[in-house]
Amino acid sequence: AKSKGRSGFSFFSSEMNRLAQERLALENALRKALQAQELHLHYQPQIDLATGRLYGVEALARWTHAEFGDISPARFIPLAEECGLIADLGRWALNQACQQLAQWRAQGLEVPAVSVNLSPTSFHNLDLPRMIVDTLDRNALVPQDLTLELTESILLDTNPCTMQTIEEVHARGVRLSMDDFGTGYSSLSYLRRLPVSELKLDRSFVADLEYDEAARALSSAILGIGKSLYLTVVAEGVETPTQNQMLREQGYPVAQGYLFSRPLPPEELERWLAERQVS
Ligand code: C2E
Ligand code: CA
Ligand code: CA
Ligand code: CA
């Protein structure tokens, strides 16, 4: 508005204006995308290292916009948080992932479970447990078919409903998984208070395994913590056979990463599964 000022300022303000408009356009587009089925879930296999069989799949959101093209979750998830759409997105993902799992089961495919990422905001809603149970029922699934991935940011969440919602979801038998484990919080005491069944070793540790003794020591220590608390530890971001070998030697039960497969659209995952069962 104040474009008559010094040239530096007017440039700055028009640049700000452009960014704000771009953001607003993206925000409106995301709102529409949620309704118009422009969002999709891709599924990344998680491998049981002892048997080589499928342990589960993680659902990851994808957005292809007709005009802007592919927009990364690293961009649209924070945007959804900021503009109040993240709870809707969480509901959509839960619904979509459960429908997909039911469809796979109907096709006779053995997909043991699906993991859905939820933002802390989703846990502000005391209706979440009921909604989850309804979604499972509608799709003839049981709570053990579903895992919810949380990040340690949930611990900074001060909303009074959050802990109650988490407890209730757990009480109903849905598994909780601590995502990006080892990167966020300095104290581990929360592991006694949060009813998680699974830890996901952050992929930064896996990336450094081959080159960094400290990363090896930490991945081993994290597995030890998990084991002593009877939690499954999933190694994320496994890209190389050497990383896989090291994790196996450390005793990791489950791994996930590009070495096995990228996150895939449902039909491609079906093909991936079919090809593996032959070998
Ligand atoms: P995340 O939950 O930690 O998901 C793992 C990310 O690592 C995914 O990125 C996945 O594609 C990527 N990845 C998997 N294997 C490898 C590998 O071997 N190497 C490397 N370098 N990367 C690998 P993506 O799909 O871009 O998602 C980024 C983040 O966005 C996710 O991190 C998650 O925090 C968030 N996100 C994605 N979908 C959803 C969703 O439906 N809801 C919420 N709340 N967040 C989501
Ligand atoms: Ca995740
Ligand atoms: Ca992760
Ligand atoms: Ca992450």
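The values are calculated or read from the model by the stated rules, or taken from the named source; none is laboratory data. Since this is a predicted model, take the numbers as computed values, not measurements. A quick note on method: Cβ atoms are made from the backbone with ideal geometry, for glycine too, and the neighbour counts reach across all protein chains shown. Surface areas here come from the heavy atoms of the whole protein model, side chains and all, with no ligands, DNA or RNA. Shrake-Rupley method; radii C 1.70, N 1.55, O 1.52, S 1.80 Å.
Between 0 and 90 degrees, the angle of helix 213-228 with respect to the longest Cα principal axis of the chain falls at about 70 degrees.
Each label was represented as a point 7 Å from its Cα along the Cα-to-Cβ direction; for Ala217 and Ser13 these points are 5.6 nm apart.
In the chain, helical runs assigned H by DSSP with n ≥ 4 each contribute -39500 (n - 2.57); averaged across all residues and rounded to the nearest 500, the mean residue ellipticity at 222 nm is -15000 deg cm²/dmol. Here is the list for the range 234-279: chymotrypsin sites (Phe, Trp or Tyr not before Pro) lying in DSSP coil, each with at most 13 other C-beta atoms within 10 angstrom of its C-beta, are Tyr258. Were the residues from Glu110 through Arg138 laid out at 0.36 nm apart, the gain over their Cα-Cα distance would be 8.1 nm. Less than 5 angstrom separates the built amide H of Gly56 from those of Gln46, all sequence-distant by 5 or more or on a different chain. Count Lys and Arg as plus one, Asp and Glu as minus one, and take only other residues whose Cβ is under 13 Å from that of Arg105; the net charge is then -3.
Principal-axis analysis of the Cα atoms of the chain puts helix 128-138 at an angle of about 60° to the longest axis.
Helix 73-82 against the longest principal axis of the chain: what's the angle in degrees, Cα atoms only, rounded to the nearest 10? Here the helix axis deviates by roughly 60 degrees.
Each peptide among 88-97, 26-35 gets the average number of other Cβ atoms lying within 10 Å of its residues, and from highest to lowest they stand as 88-97, 26-35. Taking the accessible area of the range 60-197, probe 1.4 Å, and keeping the other protein chains in place, the carbon and sulfur fraction comes to 50%. Seen from Asn125, the other residues with C-beta closer than 12 Å to its C-beta sum to a net charge of -1, counting Lys and Arg as +1 and Asp and Glu as -1. Once backbone amide H atoms are built at 1.01 Å from N, His65 has Asp70, Ile71 as its partners under 5 Å, excluding neighbours fewer than 5 places away on the same chain. Around Ser187, with a cut-off of 14 angstrom between Cβ atoms, what is the net charge of the other residues, counting Lys and Arg +1 and Asp and Glu -1? Local net charge: +1. Take the convex hull of the alpha carbons in the chain; its mean projected area over all directions comes to 18.3 nm². Can you compute the label reach from Leu229? Point 7 Å from Cα along the Cβ direction, backbone N cut-off under 12 Å, restricted to the range 199-222. The answer is 199-201, 222, whose backbone nitrogens lie closer than 12 Å to the label point. If you take every DSSP beta bridge fully contained in the chain, what fraction is antiparallel? Give it as a percent rounded to 5. In the chain, DSSP labels about 45 percent of beta bridges as antiparallel. With a point put 7 Å past each Cα toward its Cβ, work out how far Ser204 is from Thr64 in nm, to one decimal. Output for this residue pair reads 3.3 nm.
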